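The values are calculated or read from the model by the stated rules, or taken from the named source; none is laboratory data. No experiment lies behind these values; they were computed from the predicted model shown. When we count neighbours, we look across all protein chains shown, and the Cβ atoms used for this are built from the backbone with ideal geometry, even at glycine.
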Amino acid sequence: MVQNKAKNIDEYIGSFPEDVQKILDKVRATIQAAAPEAKEDIKYAMPAYILNGNLVYFAAFKNHIGFYATPTGNDGFTEELAPYKTRKGSIQFQLNEPIPYELIRKIVLFRVEENLKKAKVKSTKKKPA
């Protein structure tokens, strides 16, 4: 059910049934609130957020919302993610169950902090001694 031709996130969300749009809008708002400086884009045919590199992605499928906080967004959330189907860097939130927006917020905040630290280290290495 991932849409391939969307040029932006509004178009992507608008291509789904209204009930799924509501969920996608709330996922989007949750990410934006946790990472207001992140830029929106479409990558790999999915809504993507970029802040000093890739931050998170999400996508709608027939029965679930895929959430991708690669490469390390699942780290540190093992217990909270236990009820959900996960793989390395991916999480499936079933559409027929409540979406854990607070958990999404926590994961996004984790990734923001991680990317900011990585960018700081990178900029420190570039400065001449």
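Among the candidates Ile23, Ile42, single out the residue that is outside any loop (DSSP other than H, G, I, E, B), touching an Asp or Glu at 6+ places or on another chain (Cβ under 9 Å), over 20 Å from Glu113 (Cβ atoms) and touching a residue at least 12 places away in the same chain (Cβ under 8 Å). Spell out how you get there, then give the answer.
Details: Ile23 fails: touching an Asp or Glu at 6+ places or on another chain (Cβ under 9 Å).
When all the criteria are applied, what remains is Ile42.
Take the residues in segment 45-84 that are in a loop (DSSP other than H, G, I, E, B) and among the charged types (D, E, K, R), then tell me which one is nearest to Leu24 (Cα to Cα). Outline the logic, then answer.
Let us first name the residues in segment 45-84 that are in a loop (DSSP other than H, G, I, E, B), namely 45, 51-53, 61-63, 69-77, 82-84.
Cutting the leftovers down to among the charged types (D, E, K, R) gives us 62, 75.
Details: Lys62: 13, Asp75: 23 Å.
This residue is Lys62.
Would you check if Ala33 is in contact with an Asp or Glu (Cβ under 6 Å, 6 or more places away or on another chain) and either outside any loop (DSSP other than H, G, I, E, B) or on the phi < 0 side of the Ramachandran plot (or both)?
Considered against the rule, which asks whether it is in contact with an Asp or Glu (Cβ under 6 Å, 6 or more places away or on another chain) and either outside any loop (DSSP other than H, G, I, E, B) or on the phi < 0 side of the Ramachandran plot (or both), Ala33 comes out as no.
Could you grab me the full set of residues in segment 85-129 that are surrounded by 17 or more Cβ atoms within 10 Å (Cβ to Cβ) and either modelled with pLDDT under 85 or part of a loop (DSSP other than H, G, I, E, B) (or both)?
Those that are surrounded by 17 or more Cβ atoms within 10 Å (Cβ to Cβ) and either modelled with pLDDT under 85 or part of a loop (DSSP other than H, G, I, E, B) (or both): Ile99, Pro100.
Going residue by residue through segment 99-109, is there one that turns out to be in contact with an Asp or Glu (Cβ under 6 Å, 6 or more places away or on another chain) and within 17 Å of Ala34 (Cα to Cα)? Please lay out each step first, then the result.
Of the residues in segment 99-109, the ones in contact with an Asp or Glu (Cβ under 6 Å, 6 or more places away or on another chain) are 103.
Checking the rest, the ones that are also within 17 Å of Ala34 (Cα to Cα) come to 103.
Checked segment 99-109: at least one residue is in contact with an Asp or Glu (Cβ under 6 Å, 6 or more places away or on another chain) and within 17 Å of Ala34 (Cα to Cα).
Confirm whether Gly66 is in contact with a Pro (Cβ under 7 Å, 6 or more places away or on another chain) and either surrounded by 13 or more Cβ atoms within 10 Å (Cβ to Cβ) or among the aromatic types (Phe, Trp, Tyr) (or both).
Numbers: in contact with a Pro (Cβ under 7 Å, 6 or more places away or on another chain): no; either surrounded by 13 or more Cβ atoms within 10 Å (Cβ to Cβ) or among the aromatic types (Phe, Trp, Tyr) (or both): yes.
No; evaluated as a whole, the condition is false for this residue.
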